[in-house]
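K.L.:
What follows is a structure written as structure tokens; I'll ask about it next.
The values are calculated or read from the model by the stated rules, or taken from the named source; none is laboratory data. Please read all numbers here as calculations on a predicted model, not as lab measurements. Using ideal geometry, Cβ is built from the backbone for each residue, glycine included, and neighbour counts are taken over all protein chains shown. Surface areas here come from the heavy atoms of the whole protein model, side chains and all, with no ligands, DNA or RNA. Shrake-Rupley method; radii C 1.70, N 1.55, O 1.52, S 1.80 Å.
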Amino acid sequence: SIWNMQSQWHNLPVINNESQMNGKAYQGTEVVFKKTTDGASYSLNIADAYPKTTAVASWKRNIEMFSNKNKINFSERYSLKEIKSPQVIHFISVIKPIINGKSLELKLQNGKSVNLLFDDNELDFEIESKKIDDLRISKMWGDYVFRTKVILKSKKLTNKIKYSLTVN
């Protein structure tokens with residue numbers, strides 16, 4: 001299969017070592033979009049986008065965008081039936097991230113930085129690179145794409161992870 005069409009190469013979690021499935025039977029539910037005076041919010045439950053063997057009861061992702069603050073807040077609230085392996089949230093970028101404690105920094109060509117800051121101390125980061133051999137993709141993305149794995153060390157069946165993205 002084509003690597004860039006697989007969910008593990010998208011900004012999605014790997015739940016109990018299983019990736020989101022493809023097809024109409026696997027989709028998010030409880031989708032809500034709200035426009036606000038200073039931005040917008042979007043939330044959904046992605047549990048049904050994963051196979052039953054994942055043992056996820058609920059995984060709610062909430063995104064709040066603030067147009068006047070150059071900031072986006074995220075929260076991942078999940079409830080698992082069992083823990084088979086650490087939960088992992090992927091972030092894909094064409095710029096190699098720099099790990100600074102519990103944050104990731106992407107230095108842009110214009111001198112600004114994109115920072116992803118996590119509230120939780122119970123996590124680890126791993127960064128992988130993938131060489132892009134397909135000319136159609138490398139024309140847009142460059143020679144490499146980077147996948148940051150945010151590995152959640154919590155052994156709780158129910159948990160909430162909060163993080164924010166800012167541009168400075």
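K.L.:
Just to be sure I understand the filter: pairs with C-beta atoms under 7 Å, separated by 6 or more residues or on different chains, first member in the range 52-70 and under 26 Å from Val114 (Cα atoms) and of a type in the set (A, V, I, L, M), second member assigned to a strand (DSSP E or B) and open to solvent by 70 Å² or more (accessible area, probe 1.4 Å). Which pairs pass?
P.N.:
Final answer for the pair search is Ile63/Tyr42.
K.L.:
Between residues in the range 12-36 that are surrounded by 10 or more Cβ atoms within 10 Å (Cβ to Cβ) and residues that are in a loop (DSSP other than H, G, I, E, B) and among the polar types (S, T, N, Q), which pairs lie under 6 Å by C-beta distance while being six or more apart or on different chains?
P.N.:
Short answer, once both residue conditions are applied: Leu12/Gln20; Asn16/Ser85; Asn17/Ser85.
K.L.:
Could you please find all residues in the range 63-101 being more than 15 Å from the chain's Cα centre (by Cα) and under 28 Å from Asp38 (Cβ atoms)?
P.N.:
Of everything in the range 63-101, those that are more than 15 Å from the chain's Cα centre (by Cα) and under 28 Å from Asp38 (Cβ atoms) turn out to be Met65, Phe66, Ser67, Asn68, Lys69, Asn70, Lys71, Ile95, Asn100.
K.L.:
Also, quick follow-up: Of the conditions (1) crowded, with 17+ Cβ neighbours inside 10 Å; (2) small (Gly, Ala, Ser); (3) at pLDDT 95 or above, Ser93 clears all except one; give me its number.
P.N.:
(3)
K.L.:
Select from the range 15-63 the residues that are under 14 Å from Gln87 (Cα atoms) and of a type in the set (Phe, Trp, Tyr) and list them in ascending order.
P.N.:
Once the filter is applied, which keeps residues that are under 14 Å from Gln87 (Cα atoms) and of a type in the set (Phe, Trp, Tyr), the range 15-63 yields Tyr50, Trp59.
K.L.:
Moving on. Look at Ile46 and say whether it is without any contact (Cβ under 8 Å) to a residue 40 or more places away in the chain and loosely packed, with under 14 Cβ neighbours inside 10 Å.
P.N.:
For Ile46, the condition - without any contact (Cβ under 8 Å) to a residue 40 or more places away in the chain and loosely packed, with under 14 Cβ neighbours inside 10 Å - is not met.
K.L.:
For the range 111-119, indicate whether the set of residues that are out of contact with any Pro (no Cβ under 6 Å at 6 or more places or on another chain), among the β-branched types (Val, Ile, Thr) and at pLDDT below 90 is non-empty.
P.N.:
no
K.L.:
Closer than 18 Å to Leu152 by Cβ and outside any loop (DSSP other than H, G, I, E, B): is that true of Val14 in this structure?
P.N.:
So Val14 fits the description; yes.
K.L.:
Right, next: For Lys112, which of the numbered conditions (1) of a type outside the set (Gly, Ala, Ser); (2) farther than 13 Å from Thr148 by Cα; (3) open to solvent by less than 70 Å² (accessible area, probe 1.4 Å); (4) touching a residue at least 24 places away in the same chain (Cβ under 8 Å) fails to hold?
P.N.:
It fails just one condition, (3).
K.L.:
Then there's this: Scan Lys153, Lys160, Lys84, Lys69 and give me the residue that is over 21 Å from Gln20 (Cα atoms) and either open to solvent by less than 30 Å² (accessible area, probe 1.4 Å) or among the basic types (Lys, Arg) (or both).
P.N.:
Lys69
K.L.:
Let me ask something additional. Among the residues of the range 131-153, are any out of contact with any helix residue (DSSP H, G or I) (no Cβ under 7 Å at 6 or more places or on another chain), within 17 Å of Trp59 (Cα to Cα) and of a type outside the set (Val, Ile, Thr)?
P.N.:
yes
K.L.:
Let me ask something else about it. Out of everything in the range 115-147 that is aliphatic (A, V, I, L, M) and within 24 Å of Arg77 (Cα to Cα), what residue ends up being most open to solvent (accessible area, probe 1.4 Å)?
P.N.:
That would be Leu117.
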